[in-house]
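Asker: Mind looking over this structure? Questions follow.
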Amino acid sequence: MLLDLSGKKALVTGIANNRSIAWGIARQLHLAGAELGVTYLPDEKGRFEAKVRELTAPLNPGLFLPMDVQNPDQMQAVFQQLESQWGQLDILVHCLAFANKADLAGDFSATTAQGFRTALEISAYSLTSLCHLAKPLFSQGASVITLTYLGSERAVPNYNVMGLAKAALEASVRYLAAELGPEKQVRVNAISAGPIRTLASSAVGGILEMIHHVEEKAPLRRTVTQQEVGNTAAFLASPLASGISGQVLYVDGGYCITGL
Ligand code: NDP
């Protein structure tokens, strides 16, 4: 098989349900032969855990752990477990974001300091802290993949503070790539996905209009699927992408090249 990830250990964050982009990525990594570790955002009643456990069971994750990226103890526990069970990490998928709903519509200038901090901490800083924890465990040629969106570089209606978080995330990709490349050839890249209906995107005001706009204007005249993003992640995780690092790769049906 040209794209073969067998024997690779992959930690996938950000699966909430079967619409999650992280779910599309997990499935394609599994199909390519990778062994999966899955983290979920815990809630008090354990509902998210039960849901994600049931969804991911067919992929037989070797690790299944709670991880709120605002909880340093939980993050540390994940990497301790990973070290004792796997001893190394080949693929790290950062596929999570959050901003207060009030900050994802209306006037951007109304963003509060608290809303700014929350969005930037969860959606951007978490990639840096995950890479710091993973650094001693990264194998030779390991691959880090995160998810971003065009709102980082254009003023997309309602994306507001999340656009700033994605700009910071993309800058982090470059700094992390520069840091992690020399010693062990670790590559860090972002996939900039076109709009897809998910739990997170439904919080962004006017997301359906944005999807329709893409369907009308993108060169491919459609939006993309979780599976297409997953295929790109599998490629980036594989030796086929061994020369690619510090990049933002657009998986958006070509929308970003249009003048609209
Ligand atoms: P989902 O809602 O399915 O995924 C977002 C994930 O982030 C959820 O699993 C959510 O957990 C998790 N999360 C939120 N806060 C935290 C936290 N503090 N700690 C750990 N996890 C947390 O939406 P998507 O699949 O759309 O989002 C995945 C990524 O893709 C995000 O970075 C998003 O910005 C990006 N993206 C999405 C696009 C889209 O149109 N959908 C387009 C381009 C990029 P829970 O749901 O349990 O709260």
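The values are calculated or read from the model by the stated rules, or taken from the named source; none is laboratory data. All values derive from a computational prediction rather than experimental measurement. Virtual Cβ from ideal backbone geometry, glycine too; neighbours counted across all protein chains shown. With ligands, DNA and RNA removed, areas are computed over all heavy atoms of the protein, side chains included. Shrake-Rupley method; radii C 1.70, N 1.55, O 1.52, S 1.80 Å.
Asker: Quick one: which of Gly230, Gly194, Gly206 is out of contact with any helix residue (DSSP H, G or I) (no Cβ under 6 Å at 6 or more places or on another chain) and either within 16 Å of the ligand (Cβ to nearest atom) or open to solvent by less than 10 Å² (accessible area, probe 1.4 Å) (or both)?
Answerer: Being out of contact with any helix residue (DSSP H, G or I) (no Cβ under 6 Å at 6 or more places or on another chain) and either within 16 Å of the ligand (Cβ to nearest atom) or open to solvent by less than 10 Å² (accessible area, probe 1.4 Å) (or both) holds for just one of Gly230, Gly194, Gly206, which is Gly206.
Asker: I need every pair where a residue in the stretch 115-133 that is open to solvent by 40 Å² or more (accessible area, probe 1.4 Å) has its Cβ under 7 Å from the Cβ of a residue that is within 10 Å of the ligand (Cβ to nearest atom) and outside any helix (DSSP H, G or I), sequence separation at least 6 or different chains.
Answerer: Glu121/Gln70
Asker: Give just the number: which of (1) over 22 Å from Pro157 (Cβ atoms); (2) open to solvent by 70 Å² or more (accessible area, probe 1.4 Å) does Glu216 not satisfy?
Answerer: Result: Glu216 fails condition (1) only.
Asker: Can you work out which of the residues in the stretch 21-42 that are part of a loop (DSSP other than H, G, I, E, B) and farther than 22 Å from Phe79 by Cβ is farthest from the ligand (Cβ to nearest atom)?
Answerer: Gly33
Asker: Of the numbered conditions (1) crowded, with 16+ Cβ neighbours inside 10 Å; (2) in contact (Cβ under 8 Å) with a residue 24 or more places away in the chain, Ser201 fails exactly one; give the number of that condition.
Answerer: Only one criterion is unmet by Ser201, namely (2).
Asker: Another question about this same structure. Where residues in the stretch 170-191 are over 29 Å from Pro219 (Cα atoms) and polar (S, T, N, Q), which of them is most open to solvent (accessible area, probe 1.4 Å)?
Answerer: Gln185
Asker: While we're looking at this one, here's another question. Return the pairs, sorted by first residue and then second, in which the second residue is more than 12 Å from the ligand (Cβ to nearest atom) and charged (D, E, K, R), the first residue lies in the stretch 151-169 and is over 18 Å from Lys101 (Cα atoms) and without any contact (Cβ under 8 Å) to a residue 40 or more places away in the chain, the beta carbons are less than 8 Å apart, and the residues are 6+ apart or on different chains.
Answerer: Note: pairs meeting the criteria are Ala167/Glu153.
Asker: Across the stretch 16-37, which residue is most open to solvent (accessible area, probe 1.4 Å) among those that are free of Cβ contacts under 8 Å to residues at least 60 places away in the same chain and in contact with a Leu (Cβ under 7 Å, 6 or more places away or on another chain)?
Answerer: This residue is Asn18.
Asker: Looking at the stretch 85-141 only, could you name the residues that are among the polar types (S, T, N, Q), in a helix (DSSP H, G or I) and more than 16 Å from Ser172 (Cβ to Cβ)?
Answerer: Gln85, Ser109, Gln114, Thr118
Asker: When you look at Phe79, is it at pLDDT below 95, within 24 Å of Ser129 (Cα to Cα) and either part of a helix (DSSP H, G or I) or touching a strand residue (DSSP E or B) at 6+ places or on another chain (Cβ under 6 Å) (or both), yes or no?
Answerer: The answer is no for Phe79.
Asker: Next question, about the same structure. Quick one: which residue in Phe98, Phe64 is open to solvent by 30 Å² or more (accessible area, probe 1.4 Å), hydrophobic (A, V, I, L, M, F, W, C), within 8 Å of the ligand (Cβ to nearest atom) and under 19 Å from the mean Cα position of the chain (by Cα)?
Answerer: Phe98
Asker: For residues in the stretch 78-92 being more than 13 Å from Leu65 (Cβ to Cβ) and over 19 Å from the mean Cα position of the chain (by Cα), which is most open to solvent (accessible area, probe 1.4 Å)?
Answerer: Among them, the one singled out is Gln88.
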